[in-house]
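J.: Could you have a look at this structure, given as structure tokens, before my questions?
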Amino acid sequence: MPAWLDDLLWTYQNLVYALGINGLLALSMYVVLAVGQLSLGQAAFMGLGAYSSALMTLKLGLPFAAVLPLSVVAPVAFALAVGGPTLRLAGVYLAIATIGLGEVLRAVYLNVDLFGGALGLSGIPERATAAMIYGLLGLAVLGLWLIGRSGIGRAMEAMREDETAAAVMGVPVRRYKMGALLASATLAGLAGCLSAHVSSFIGPNEYGFEPAVTILSYALLGGIGTPLAPVVGGWVLTLLPELLRGVSDIRLVLNGVIIVLAVLFLPNGLLALRMKRIGARTAA
Amino acid sequence: MLAQQLVNGVLLGATYALFALGFTLMFGVLRVINLTYGFYFSAGALLALWMARQGASIWVALPLAALGAGCIAVVLDWVLLTRLRRIQAPELSSLMVTLGGVLALYSALTSWLGPDIRRLPPGIVSVDAFHIGDIRVTAAQVLILGATALLVAALLLLMRGTRLGLAIRAMAEKPDAAQLMGIDTGRAAALVSFISGCLAGAGGVLIGLNFNAIHPYMGETMMLRGFVVIIVGGLGDIRGALLAGLALGVIEVMTAGYVASGLKEAVAFLILVAVLWTRPSGLFGRAVLRRA
């Protein structure tokens with residue numbers, strides 16, 4: 001590795017980690033949006049992954065090779081408990097139940113001694129590396145891209161456009177919705193585990209309402225045309241406050257406004273719009 | 001001890017019911033889970049706090065703060081939702097737009113005012129307490145119960161006893177038909193937003209009085225209770241929200257008193273999940289679910 005690259009990575013280490021982890025989170029949002037569902041539990045799933053993996057490392061002393069795969073267990077279990085009843089119902093129920101999940105878990109982390117209360121858990125060893133984070137991100141993008149091009153991907157698109165019609169055509173709607181939610185919980189759990197093991201500290205307020213909505217803004221900025229789009233959306237929103245110093249104070253206001261504008265005026269996301277235009281030009 | 005806990009629970013539940021009434025009314029008529037609703041709650045409390053610091057008595061601050069929150073609700077509804085209503089966007093779009101809106105509003109408010117907990121000036125309500133046997137009821141609690149009862153009675157009178165209420169109920173039933181019958185649905189929607197905002201704002205002031213802790217994000221922590229109450233009561237069901245709100249208040253106080261105070265939030269959520277598993281249309285629900 002050349003010296004300047006090494007230098008650069010060292011200086012911006014945290015940013016490099018954050019970009020990869022936020023990319024995974026954006027994908028975890030993409031998976032549910034891709035089947036036309038809105039889950040706001042990504043931050044909660046991430047928190048479950050972070051807390052459970054940190055406890056496994058700190059209290060049980062497990063090696064990271066075991067902790068990383070095991071970190072998806074708790075988020076997936078909660079996704080099953082919340083998704084079971086709500087995915088049968090109209091979409092708003094999932095959104096409500098997952099917002100509720102985030103609020104409750106925050107209260108639990110704050111009040112139960114095992115989770116360290118308001119102080120959170122600290123002294124988590126730095127076991128994750130940038131290579132792991134970007135390796136997983138690459139695998140996730142590739143996997144989702146392949147799924148998107150398969151028959152399952154077309155079925156997911158059909159569900160997103162018109163659920164009833166898709167069900168009539170024989171798409172197992174509920175199974176796909178549950179599958180998407182579980183995949184989403186898995187990705188968010190891994191992201192939580194990785195972020196806990198690069199930052200050495202986790203606290204109850206990192207997984208509340210604000211991060212949940214921020215993750216949604218990644219996906220809405222990028223659009224959900226391809227798996228890469230939400231990742232790029234997440235990168236833009238992670239880099240923006242770093243590049244513009246004045247913006248960092250109102251970062252969350254900006255994220256909120258982006259969601260509003262994206263829903264009102266750009267239902268396909270910023271990047272989807274661009275891709276379509278480029279495609280249209282080459283076709284013509 | 002038990003009787004005292006019951007009284008405290010009912011009083012807490014009354015504020016939950018008041019908060020959830022506006023939420024469920026908004027959903028029932030406008031068919032939108034409007035997440036900015038929690039913001040009206042914070043706005044009402046902060047407005048009342050500001051007026052109280054200017055020297056206004058609670059009798060002035062409470063109604064004015066409620067009306068102010070109502071006006072905020074009308075403006076936000078117009079900015080965020082009229083366009084989506086016109087193109088008949090799917091309900092998840094409306095949910096997302098209010099979600100983005102509320103994040104922007106809360107964070108703007110927090111960076112303006114700071115995240116600190118503020119307290120009402122002492123003496124805004126008399127600190128006297130009434131004793132009935134062993135039960136102690138503070139003047140603030142009497143005010144909360146009285147104001148809640150008054151607002152609920154006014155809402156029921158409006159909905160059941162006036163032509164305006166009839167128009168709103170017609171719109172809840174079938175907006176297109178209501179419009180064909182000559183109801184100005186745009187105006188009715190604004191009115192419903194206004195009423196909901198007033199109820200949330202009044203709820204914010206009363207909860208602020210009850211716990212004497214006011215901060216920009218107080219509406220967000222209240223939303224979990226709002227969700228539980230409107231789903232347990234049945235989405236859009238006013239009577240259900242009233243009963244579920246009272247029940248939730250009692251259950252929370254009992255949990256805090258006899259089990260563990262840290263479990264209050266968890267209990268609310270367990271109820272939510274249990275109801276979604278067993279009776280998703282709500283305990284008192286006439287089912288109006290759109291199943292896929």
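The values are calculated or read from the model by the stated rules, or taken from the named source; none is laboratory data. What you see is a predicted model; the values in this text were computed from it and never measured. Quick reminder, even Gly has a Cβ in these numbers, built from the backbone with ideal geometry, and neighbours come from all protein chains shown. Protein only, heavy atoms only, side chains kept; ligands, DNA and RNA dropped before computing areas. Shrake-Rupley method; radii C 1.70, N 1.55, O 1.52, S 1.80 Å.
J.: When you look at B:Ala247, is it at pLDDT 80 or above, assigned to a helix (DSSP H, G or I), within 13 Å of chain A (Cβ to nearest Cβ) and over 24 Å from B:Arg31 (Cβ atoms), yes or no?
T.: Working: at pLDDT 80 or above: yes; assigned to a helix (DSSP H, G or I): yes; within 13 Å of chain A (Cβ to nearest Cβ): no; over 24 Å from B:Arg31 (Cβ atoms): yes.
It is false that B:Ala247 is at pLDDT 80 or above, assigned to a helix (DSSP H, G or I), within 13 Å of chain A (Cβ to nearest Cβ) and over 24 Å from B:Arg31 (Cβ atoms).
J.: Filter the stretch A:178-236 down to the residues that are more than 14 Å from chain B (Cβ to nearest Cβ) and among the polar types (S, T, N, Q) and list them by number.
T.: A:Ser184, A:Thr186, A:Ser195, A:Ser199, A:Ser200, A:Thr226
Okay, residues lined up against (1) in a helix (DSSP H, G or I); (2) open to solvent by less than 70 Å² (accessible area, probe 1.4 Å); (3) at pLDDT below 85:
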residue	(1), (2), (3)
B:Gly55	no, yes, yes
B:Ala61	yes, yes, yes
B:Gly68	yes, yes, no
B:Leu76	yes, yes, no
B:Leu95	yes, yes, yes
B:Gly101	yes, yes, no
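J.: Go through the stretch A:222-237 and give me each residue that's in a helix (DSSP H, G or I) and open to solvent by less than 20 Å² (accessible area, probe 1.4 Å). Reasoning before the result, please.
T.: As a first pass, look at the stretch A:222-237 and keep what is in a helix (DSSP H, G or I): A:222, A:228-237.
Correct list: A:Gly222, A:Ala229, A:Pro230, A:Val231, A:Gly233, A:Gly234, A:Leu237.
J.: Could you please find all residues in the stretch B:221-231 being at the interface with chain A (Cβ under 8 Å from one of its Cβ atoms) and either open to solvent by 10 Å² or more (accessible area, probe 1.4 Å) or part of a strand (DSSP E or B) (or both)?
T.: B:Thr221
J.: Of the numbered conditions (1) open to solvent by 10 Å² or more (accessible area, probe 1.4 Å); (2) under 16 Å from the mean Cα position of the chain (by Cα), A:Leu121 satisfies every one except a single condition; which is it?
T.: Answer for A:Leu121: the failing condition is (2).
J.: Still on this structure, I have one more. Would you be able to say whether some residue in the stretch B:273-290 is crowded, with 19+ Cβ neighbours inside 10 Å and under 23 Å from B:Val7 (Cα atoms)?
T.: Here is the first cut: in the stretch B:273-290, the ones crowded, with 19+ Cβ neighbours inside 10 Å are B:273, B:275-276, B:280, B:282, B:285.
Among the residues that remain, those that are also under 23 Å from B:Val7 (Cα atoms) are: none.
No, the conditions are met nowhere in the stretch B:273-290.
J.: Scan the stretch A:91-124 for residues that are farther than 20 Å from B:Val229 by Cβ, of a type outside the set (A, V, I, L, M, F, W, C) and more than 7 Å from chain B (Cβ to nearest Cβ) and jot them down.
T.: A:Tyr109, A:Asp113, A:Gly116, A:Gly117, A:Gly120, A:Ser122, A:Gly123
J.: How many residues are touching a Phe, Trp or Tyr at 6+ places or on another chain (Cβ under 8 Å) and either over 12 Å from B:Phe39 (Cβ atoms) or facing chain A (nearest Cβ under 10 Å) (or both) if we restrict to the stretch B:72-89?
T.: Final tally of qualifying residues: 1.
J.: Out of all the residues in the stretch B:30-53, which are in a helix (DSSP H, G or I), open to solvent by 10 Å² or more (accessible area, probe 1.4 Å), within 27 Å of B:Pro175 (Cα to Cα) and modelled with pLDDT under 90?
T.: The answer is B:Leu30, and nothing else.
The rows are residues; the columns are (1) at pLDDT below 85; (2) at positive phi.
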residue	(1), (2)
A:Leu110	yes, no
A:Leu121	yes, no
A:Leu136	no, no
A:Leu142	no, no
A:Trp145	no, no
A:Gly153	yes, no
A:Gly170	yes, yes
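J.: With more than 14 Å from chain B (Cβ to nearest Cβ), assigned to a loop (DSSP other than H, G, I, E, B) and either in contact with a Gly (Cβ under 9 Å, 6 or more places away or on another chain) or open to solvent by 10 Å² or more (accessible area, probe 1.4 Å) (or both) as the only criterion, which of A:Leu40, A:Leu55, A:Leu68, A:Leu62 stands out?
T.: Residue meeting the stated conditions: A:Leu62.
J.: Out of the residues in the stretch A:168-180 that are assigned to a helix (DSSP H, G or I) and open to solvent by 50 Å² or more (accessible area, probe 1.4 Å), which is farthest from A:Ser53 (Cα to Cα)?
T.: A:Val168
J.: Would you pick out the residues in the stretch A:185-224 that are under 26 Å from A:Pro69 (Cβ atoms) and aliphatic (A, V, I, L, M)?
T.: A:Ala185, A:Leu187, A:Ala188, A:Leu190, A:Ala191, A:Leu194, A:Ala196, A:Val198, A:Ile202, A:Ala212, A:Ile215, A:Ala219
J.: Go through B:Arg83, B:Arg119 for me and flag whichever is over 26 Å from B:Ile144 (Cα atoms) and surrounded by fewer than 18 Cβ atoms within 10 Å (Cβ to Cβ).
T.: Unique residue meeting the criteria: B:Arg83.
J.: Among the candidates A:Ala183, A:Ala165, which residue alone is under 12 Å from the mean Cα position of the chain (by Cα) and open to solvent by less than 50 Å² (accessible area, probe 1.4 Å)?
T.: A:Ala183
J.: Could you give every pair whose Cβ atoms fall below 6 Å, whose first residue belongs to the stretch A:126-139 and is farther than 18 Å from A:Tyr12 by Cβ, and whose second residue is among the aromatic types (Phe, Trp, Tyr) and open to solvent by less than 40 Å² (accessible area, probe 1.4 Å), counting only separations of at least 6 or pairs across chains?
T.: Pairs that qualify, where the first residue is farther than 18 Å from A:Tyr12 by Cβ and the partner is among the aromatic types (Phe, Trp, Tyr) and open to solvent by less than 40 Å² (accessible area, probe 1.4 Å), are A:Arg127/A:Phe64.
J.: Output the number of the condition that B:Leu105 fails; it satisfies all remaining conditions of (1) part of a loop (DSSP other than H, G, I, E, B); (2) touching a residue at least 24 places away in the same chain (Cβ under 8 Å); (3) within 12 Å of chain A (Cβ to nearest Cβ).
T.: Failing condition for B:Leu105: (1).
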